[in-house]
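What follows is a short report on a single structure.
Values in this text are rule-based calculations from the coordinates and carry no lab data. From a predicted model like this one, the values you see are computed outputs, not experimental measurements. A quick note on method: Cβ atoms are made from the backbone with ideal geometry, for glycine too, and the neighbour counts reach across all protein chains shown.
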Amino acid sequence: MQFLRFQKAVDGTYFAALKPLYNVLSLVLPYLQDRFADQKWVLYDLKREYGYYHNLSTITEVHFEQKGGPLQSGFLDESIMDQDEKLFQKLWQTYFKAITIKERTNPKLHRQNLPTRFWKYLPEKKG
């Protein structure tokens, strides 16, 4: 399983973008469908430009024709992001800063536990 960070859109759909090394989205669908069965979600592979949409009952493959926005950065634009999501990200960034002990940072261990290729999708690494 890869590392995912979902973001809630205004319409209640959760969006996660990623660039996996291999074409594996179809392999994680049963897990995601079971784990997030009560939520609408979109999982999108930025590298291969396709994804899957779960509408509470079925999963459909999706392709976005328009490039840019979340399809480049991995983050939803603030205009389509749910208000609670904006607050959650701000709270998470504040919490992350508050618990960080600069004297105990270990960049090597940090990269070992969470490879740098995932960092661009983390709110705490943003801004």
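Could you calculate the contour length gain from Tyr50 to Asn23, that is, 0.36 nm times the residue separation minus the distance between their Cα atoms, to one decimal place in nm? Present the calculation step by step, with values, prior to reporting the outcome.
On the way: separation 27, 0.36 × 27 = 9.72 nm, distance 1.03 nm.
Extending this stretch completely gives an extra 8.7 nm.
Between Leu109 and Ile59, what is the label-point separation in nm under the 7 Å Cα-to-beta-carbon projection?
3.6
Can you compute the charge dipole magnitude of the chain about its Cα centre, using +1 on each Lys and Arg Cβ and -1 on each Asp and Glu Cβ, nothing else charged? Give it in debye, rounded to the nearest 20. Could the numbers behind the result be given before it?
Values: 19 positive and 14 negative charges, 177 e Å.
Computed about the Cα centre, the dipole is about 860 debye.
Which value at 222 nm does the chain reach when only helices count, each DSSP H run of 4 or more adding -39,500 (n - 2.57), with the total divided by all residues and rounded to the nearest 500 deg cm²/dmol?
Numbers: 4 runs with 39 residues, N = 127.
-9000 deg cm²/dmol, from helical runs alone.
Can you tell me the orientation of helix 83-99 relative to the chain, as the angle in degrees between its alpha-carbon axis and the longest Cα principal axis, to the nearest 10?
So the inclination is approximately 30 degrees.
Below 8 Å between Cα atoms, with a sequence gap of 6+, how large is the relative contact order for the stretch 7-125 in percent?
On the way: 132 pairs, mean separation 29.8, N = 119.
Contact order relative to length: 25 percent.
Between 0 and 90 degrees, rounded to the nearest ten: what's the tilt of helix 25-35 against the longest Cα principal axis of the chain?
80
Starting from the stretch 26-74, pick out the trypsin sites (Lys or Arg not before Pro) whose DSSP state is loop and whose Cβ has at most 10 other Cβ atoms within 10 Å. Intermediate results must be reported in sequence, preceding the final value.
Numbers: sites: Arg35, Lys40, Lys47, Arg48, Lys67; in loops: Lys40, Lys47, Arg48, Lys67.
Listed in order of number, the matching sites are Lys67.
Looking at the chain, what % of the alpha carbon pairs are farther apart than 27 Å?
Counting pairs separated by more than 27 Å, the tail of P(r) holds 22 percent.
Note the full-extension length gain between Thr116 and Lys86 as 0.36 nm times their separation in residues minus their Cα-Cα distance, in nm to one decimal.
Numbers: separation 30, 0.36 × 30 = 10.80 nm, distance 2.36 nm.
Separation in residues times 0.36 nm, less the Cα-Cα distance, equals 8.4 nm.
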